[in-house]
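K.L.:
Before anything else, here's the structure in question.
The values are calculated or read from the model by the stated rules, or taken from the named source; none is laboratory data. In this text, all values refer to a predicted model and were calculated from it rather than measured experimentally. Cβ placement follows ideal geometry from the backbone for every residue including glycine, while neighbour counts extend to all protein chains displayed.
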Amino acid sequence: MAVPLAGEGPREKLLERGATSLSDAELLAVLLQPGFRGCSSLQLARGLLSRFGDIGSLLRAGRDNLLACTGVGPARYAQLRAAMELARRQALQSLDGGDVLDSPQATRRFLQYHLGCHSREVFCCLFLDSQHRVLRCEDLFFGTLDGAAVYPREVAVRALQNHAAAVIFAHNHPSGVAEPSSADRRITERLRAALGLLDIRVLDHIIVGCGREFSFAEEGLL
């Protein structure tokens, strides 16, 4: 591995060698430049990663937790959120016009960006046309750390309004554990039964945890 030249900062290293040559701390430092008195952007980045454990946990941290960190004011908080949103939109664009069944990894990547940063549970739905192309992604229900109340009737109404032929459900577990609960299994069956009456297929229900996902379809639960 190449050794950084003396005086070579993360931004210079990126310009000289490309973004893939940078560590998580160095990439984060580029976003957070400049540092502040007595602390370089790289030192700030390393301190944040040490506090939160990894880049995923850092980006999932709530606004209050981030703003409580020395050196992270509203401007740097906004930079982090903007970077996450750009990644989410790029991931969604990779699905637009394509068959989600041909790109399950792209679907999961989008859902990680879309749901993984939330500190409370969010239930969303990908509405698909008859060719399983994405029509729309909507966040339908919101909860606390313990869960979100999901109402099949409202899901059915939104599916009809979006002229969906199929759907993929997804929600996050703020705890980071992607395994389904008994409540997750029950609501999946209720949703599938309700939409089945409307001839709308439920292709999957994906639970997003910390850097991992659980697929009902892959586990034979649909």
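K.L.:
What strands (runs of 3 or more DSSP E), lying completely within the stretch 154-222, carry at least 3 residues that are assigned by TED's automatic domain parsing to the domain that holds residue 138 and at pLDDT 95 or above?
P.N.:
166-172, 201-208
K.L.:
Are any of the residues in the stretch 67-86 within 20 Å of residue 178 (Cβ to Cβ) and in a helix (DSSP H, G or I)?
P.N.:
The answer is yes, given that some residue of the stretch 67-86 is within 20 Å of residue 178 (Cβ to Cβ) and in a helix (DSSP H, G or I).
K.L.:
If you don't mind, another one. Go through the stretch 132-153 residue by residue and tally those that are in a loop (DSSP other than H, G, I, E, B) and in contact (Cβ under 8 Å) with a residue 24 or more places away in the chain.
P.N.:
Going residue by residue through the stretch 132-153, those that are in a loop (DSSP other than H, G, I, E, B) are 132, 143, 145-146, 148-151.
Filter again for in contact (Cβ under 8 Å) with a residue 24 or more places away in the chain, leaving 132, 145-146, 148, 150.
Qualifying residue count, the stretch 132-153: 5.
K.L.:
Step by step: first the residues of the stretch 177-217, then only those that are touching a strand residue (DSSP E or B) at 6+ places or on another chain (Cβ under 8 Å), among the acidic types (Asp, Glu) and free of Cβ contacts under 8 Å to residues at least 40 places away in the same chain, then the one that is surrounded by the fewest Cβ atoms within 10 Å (Cβ to Cβ). Which residue is that?
P.N.:
If we take residues in the stretch 177-217 being touching a strand residue (DSSP E or B) at 6+ places or on another chain (Cβ under 8 Å), among the acidic types (Asp, Glu) and free of Cβ contacts under 8 Å to residues at least 40 places away in the same chain, then 179 is surrounded by the fewest Cβ atoms within 10 Å (Cβ to Cβ).
K.L.:
Go through 53, 38, 71 for me and flag whichever is outside the structural domain of residue 209 (by TED's automatic domain parsing), touching a strand residue (DSSP E or B) at 6+ places or on another chain (Cβ under 7 Å) and modelled with pLDDT of 80 or more.
P.N.:
71 is the lone residue from the list that is outside the structural domain of residue 209 (by TED's automatic domain parsing), touching a strand residue (DSSP E or B) at 6+ places or on another chain (Cβ under 7 Å) and modelled with pLDDT of 80 or more.
K.L.:
OK, next. From the list 101, 28, 92, 22, which one is within 29 Å of residue 173 (Cβ to Cβ), out of contact with any Gly (no Cβ under 7 Å at 6 or more places or on another chain) and at pLDDT 85 or above?
P.N.:
Step by step, each of 101, 28, 92, 22 is checked, and only 28 is within 29 Å of residue 173 (Cβ to Cβ), out of contact with any Gly (no Cβ under 7 Å at 6 or more places or on another chain) and at pLDDT 85 or above.
K.L.:
Got a number for residues in the stretch 30-68 being in contact (Cβ under 8 Å) with a residue 12 or more places away in the chain, more than 26 Å from residue 209 (Cα to Cα) and not hydroxyl-bearing (Ser, Thr, Tyr)?
P.N.:
Going through the stretch 30-68 one residue at a time, the tally reaches 8.
K.L.:
Go through (1) under 23 Å from the mean Cα position of the chain (by Cα); (2) within 22 Å of residue 128 (Cα to Cα) for residue 174 and report which single condition fails.
P.N.:
Status for residue 174: all satisfied but (2).
K.L.:
Okay, next question. Would you check which residues across the stretch 40-50 are surrounded by 14 or more Cβ atoms within 10 Å (Cβ to Cβ) and either touching a helix residue (DSSP H, G or I) at 6+ places or on another chain (Cβ under 8 Å) or among the hydroxyl-bearing types (Ser, Thr, Tyr) (or both) and list them?
P.N.:
If the condition is that a residue be surrounded by 14 or more Cβ atoms within 10 Å (Cβ to Cβ) and either touching a helix residue (DSSP H, G or I) at 6+ places or on another chain (Cβ under 8 Å) or among the hydroxyl-bearing types (Ser, Thr, Tyr) (or both), then 40, 41, 42, 44, 45, 46, 48, 49 are the ones that fit.
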